[in-house]
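To start, the structure itself, in structure tokens.
The values are calculated or read from the model by the stated rules, or taken from the named source; none is laboratory data. Fair warning: this is a prediction, and the values are worked out from it, not measured in the lab. Cβ coordinates were reconstructed from backbone atoms using ideal geometry, including for glycine residues, and neighbour counts include every protein chain displayed.
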Amino acid sequence: MLLAIDIGNTTIGLGLFPEPGKGIELFVRKIPSHPARSADDYKREITALLRQGGRSSSLPLRDQDAAILSSVVPPLNRPMLRAVRELLGAPPLIVSHTLHGGLHFKVKHPDRVGADRIAVAVAGAHRYRKPVAVVDLGTATTITVVGSRLSFLGGSIMPGMQLMQQALSTRTAQLPSVVPGKPQAAVGKDTRSAIASGILYGTAGAVENLLKNMEKELAFKVQLVLTGGYAPLLSSFLRRKHEVVPHLLFEGLRLIYLKTTGAETGE
């Protein structure tokens, strides 16, 4: 099996591939990133995922099982690394610009590219086999562009929809806290519907405008794919043709693991 771990700013995603070479099945468990937990707590969460995937409660076989980790929250790495080592007997592979699944970085500082963006870039390029723009809608809304021959070209980063809402509710005197949801219309009839309209239509417009300008600069078209927690919500607000792939990041982690270890994909 392959245990794929994504430590994000809001949630920690735990993914289990019972047969990573085939990539047919994926079991997912998500827990809040904060407050930070102990290594024993993470071990319990991982064990629960193993049971969900049909594994016994006994420790996995060390010579057959492996793990890979992407993280954008370094302070949470240490207890998670300890949990994985105690369960598997070995540390996980850690995604970075040096463990990149074959990407060729065409950016100024590859060492500063987030592990999550590396993972979705690998998955998007592998899935479509042509230039692709991956929009990851999580705590931040990121657009990551991969050109031909696995060229990581860069992209954009803007506040995510939940972060927009939090900024409005905490930095203003009278605007309420609103859970981002589908507005009834672009013209809000009260404060809550106006906030919902601004966040959803505003994010959709920003994404489409950014893509338009990116393609103009690059002089080629890209395949658009949405992923992340808010991808299904934003999908209906985009006029441009696209696909929604909820677990694209886990797929990227699987591919990076296979590429790094030289394992056959069976695909």
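Quick notes
- Condition met for Ile24 (closer than 21 Å to Gly228 by Cα and in contact with a Phe, Trp or Tyr (Cβ under 9 Å, 6 or more places away or on another chain)): yes
- Evaluating Ser235 against the criteria (1) small (Gly, Ala, Ser); (2) in contact with a His (Cβ under 8 Å, 6 or more places away or on another chain); (3) buried (at least 21 other Cβ atoms within 10 Å of the Cβ) leaves one unmet condition, (3).
- Selected residue [in the same structural domain as Val145 (by TED's automatic domain parsing) and either within 15 Å of Asp116 (Cα to Cα) or touching a Ser or Thr at 6+ places or on another chain (Cβ under 9 Å) (or both)] from Val207, Val222: Val207
- Given (1) at pLDDT 95 or above; (2) surrounded by fewer than 16 Cβ atoms within 10 Å (Cβ to Cβ); (3) on the phi > 0 side of the Ramachandran plot; (4) not acidic (Asp, Glu), number of the condition Gly155 does not satisfy: (2)
- Take the conditions (1) in a helix (DSSP H, G or I); (2) surrounded by fewer than 17 Cβ atoms within 10 Å (Cβ to Cβ); Val187 misses just one of them, which is (1).
- Residue-level analysis places Gly89 outside the set of residues that are touching a Gly at 6+ places or on another chain (Cβ under 6 Å) and either loosely packed, with under 15 Cβ neighbours inside 10 Å or over 29 Å from Gly154 (Cβ atoms) (or both).
- When Arg149 is tested against (1) touching a residue at least 12 places away in the same chain (Cβ under 8 Å); (2) surrounded by fewer than 16 Cβ atoms within 10 Å (Cβ to Cβ); (3) closer than 30 Å to Gln64 by Cα, exactly one condition is not met: (3).
- Search result, residues across segment 29-51 that are of a type in the set (A, V, I, L, M), surrounded by fewer than 16 Cβ atoms within 10 Å (Cβ to Cβ) and outside any loop (DSSP other than H, G, I, E, B): Ile31, Ala48
- Against the conditions (1) assigned to a helix (DSSP H, G or I); (2) under 30 Å from Leu99 (Cβ atoms), Val225 satisfies every one except (1).
- If the condition is being in contact (Cβ under 8 Å) with a residue 12 or more places away in the chain, outside any helix (DSSP H, G or I) and not charged (D, E, K, R), then segment 199-222 contributes Phe220, Val222.
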